[in-house]
Amino acid sequence: MRIGVLGAGQLGRMLALAGYPLAKTFVFYDMSGSPSAGLGEVIIDRDGKYLDDFLSRVDRVTYEFEHLPVAVAEEIARTKPVHPQPRALQVCQNREAEKTLFSNLGIPTPQWRMADSAASLQAAAEALGCPVVAKSNTEGYDGKGQAVLRTPQDAASAWESIGHERLMVEKFVDFTREVSLIAVRGEDGEVAFYPMAENVHHDGILRYSIAPAPELSPALEEKADGYIRTLLNELDYVGVLALELFETADGLVANEMAPRVHNSGHWTMEGAMTSQFENHIRAIAGHPLGNTAARGLSCMVNIIGEHGDIDRILELPYTHVHLYGKGERPGRKLGHVNVLADSHEELKWRVRNVSQFLPGSPELDCSLTR
């Protein structure tokens, strides 16, 4: 089977690496002009001239990056199966549509308002009560297109700094930690859930994911499974979906979803019986889903900005290094390290040992260390 991937970054690279053992071949369709997958066939097409050529080379299509034109996905869907279907792409690109869908499905969200001017941003901040976070309604990711308002008077500077015509304004959530859930749905409607992960962000970028999340009650995980199953079924979804959540004293609050394989699921490459990447390929190709059980305790450590001393990390017997073939640049995801252990205490020590060889890695601040 020939699989077309919209986008040609590290997620596409890892999808292909998981798909080759299943005798899949891959063609990447890149509209940015800066592919980094580093394998398979890549078609660079900034103005749509080669879309028909791309479609002639593939049997079905998926995507590894949600910030791409929905119209392109819809055009492809008229001639080839596209998984997940374009509606999922459309919803996740628009924060207002996403939060509205969550609310309609009974999934709790932070209190929010929309703003289309500095004045309405200030009014939203006053109505919700500061602090609030303002986010561009479209196009934002990894902390980009956001600003925190400590007082309503911060509205003018926040509006100018974001530079977007429409903003979502969310009341700050008093949360104990951030968690995420990765699930996969097959063409036949079968759904499988990975154990939830606890995530640690720094400067708006994910730095660590620990799975299974420590001290997570079965009732809370069951609730999260119900939320994501509802989303999967509503969207008639095929493939891997990620749902980011805040854990609060009153339960879970949904932050956002990602209709693709996700950074917080990279731990599954060595830490689960079947990785999120293989299960995505299985799902979109119509195969049975793989076992999502954890092999033990895992922590994914992102390599950000600088590679650090990779050889020293490779010397450690409990690490698995994944590099993306990218040049160094502040804030850029260059790779990740998966760390495995048999106990939480051992995992904490091993993660700190790895982090000392990665410049700028923040202190591990999570349930393991409290």
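The values are calculated or read from the model by the stated rules, or taken from the named source; none is laboratory data. Just so you know, these numbers come straight off a predicted model, no measurement behind them. Note that each Cβ is placed from the backbone with ideal geometry, even for glycine, and that neighbours are counted across all protein chains shown. Note: accessible area is taken over every heavy atom of the protein model, side chains too, but ligands, DNA and RNA are not part of it. Shrake-Rupley method; radii C 1.70, N 1.55, O 1.52, S 1.80 Å.
Which shape class applies to the chain: rounded if a/c is under 1.5, otherwise prolate when a/b exceeds b/c and oblate if not, where a ≥ b ≥ c are the square roots of the Cα gyration tensor eigenvalues? Intermediate values should be presented prior to the final figure.
On the way: a/c = 1.39, a/b = 1.09, b/c = 1.28.
Since a/c stays below 1.5, the shape of the chain is classed as rounded.
So what's the net charge close to Val58: Lys and Arg +1, Asp and Glu -1, counting the other residues with Cβ under 12 Å from its Cβ?
+1
Hey, which lysines would be in cross-link range of Lys99, C-alpha to C-alpha under 16 Å, not counting anything within fewer than 8 residues on its own chain?
Here the lysines satisfying the reach criterion relative to Lys99 are Lys135, Lys171.
Rounded to the nearest 0.05, what FRET efficiency do Lys326 and Glu75 give with R0 = 41 Å and r taken as the Cβ-Cβ distance? Could you check? Can you show the working numbers first?
Numbers: r = 30 Å, r/R0 = 0.73.
Working from the Cβ atoms, E equals 0.85.
Write down the accessible area per residue of segment 256-319 in Å², having rolled a 1.4 Å probe over the full set of protein chains.
In whole numbers, segment 256-319 has 32 Å² accessible per residue.
Out of the trypsin sites (Lys or Arg not before Pro) in segment 12-89, which ones are loop residues according to DSSP with at most 16 other C-beta atoms within 10 Å?
Arg46, Lys49, Arg57, Arg78
Considering the dipole of segment 50-130 built from charges on the beta carbon (Lys and Arg +1, Asp and Glu -1) around the Cα centre, which of Pro86, Tyr50, Phe102 is farthest to its positive end?
Phe102
Can you check what the net charge comes to around Pro110, using other residues whose Cβ is under 14 Å from the Cβ of Pro110 (Lys, Arg +1; Asp, Glu -1)?
Result for the neighbourhood of Pro110: -4.
How would segment 225-342 be classified by its alpha-carbon gyration tensor: rounded, prolate or oblate, with rounded meaning a/c under 1.5 and the a/b versus b/c comparison settling the rest?
Here segment 225-342 falls in the prolate category.
In a GNM of the chain with a 10 Å cut-off on Cα contacts, which of His280, His202, His336 has the highest mean-square fluctuation?
Judging by the Gaussian network model, the answer is His202.
Note down the magnitude of the dipole of segment 7-137 about its Cα centre, charges +1 on Lys and Arg C-beta and -1 on Asp and Glu C-beta and zero elsewhere, to the nearest 20 debye.
Charge dipole, segment 7-137, about its Cα centre: 280 debye, nearest 20.
Report, ordered by chain and residue number, the lysines lying within cross-link reach of Lys80, taken as a straight Cα distance under 27 Å and ignoring same-chain residues fewer than 8 apart.
Of all the lysines, those that pass the test against Lys80 - Cα under 27 Å, at least 8 places apart if same chain - are Lys24, Lys49.
So, in Å, what gap is there between the alpha-carbon centers of segment 177-206 and segment 292-309?
15 Å
When the Cα centres of segment 54-79 and segment 336-351 are compared, how far apart do they sit, in Å?
Value for the Cα centre distance between the two parts: 38 Å.
Give me the distance between the Cα centres of segment 80-123 and segment 222-264, rounded to whole Å.
Measuring centre to centre over Cα atoms gives 14 Å.
When only C-alpha pairs under 8 Å and at least 6 residues apart count, what is the relative contact order of the chain, in percent?
RCO, the chain: 14 percent.
Using the Cα centre of segment 130-185 as origin and beta-carbon charges of +1 (Lys, Arg) and -1 (Asp, Glu), tell me which of Gly145, Ser161, Val173 is placed farthest towards the positive end of the dipole.
It is Val173.
So which GluC sites (Glu not before Pro) in segment 124-224 pass both tests, a DSSP loop state and at most 16 other Cβ atoms within 10 Å of the Cβ?
Passing both the DSSP loop test and the Cβ count: Glu139, Glu165, Glu187, Glu190, Glu215.
Find which of Ala71, Thr25, Ala118 sits farthest along the positive direction of the dipole of the chain, computed with +1 on the beta-carbon of Lys and Arg, -1 on that of Asp and Glu, about the Cα centre.
So the residue furthest toward the plus end is Thr25.
Assign unit charges at the C-beta atoms only (+1 for Lys and Arg, -1 for Asp and Glu), then state the dipole size of the chain relative to its Cα centre in Debye, rounded to the nearest 20.
440 debye
Any chance you could tell me what percent of the C-alpha pair distances in segment 1-121 go past 18 Å?
Beyond 18 Å sits 57 percent of the P(r) for segment 1-121.
Considering only the other residues whose Cβ falls under 15 Å of the Cβ of Ala156, what net charge follows from Lys and Arg at +1 and Asp and Glu at -1?
Net local charge, Ala156 excluded: -3.
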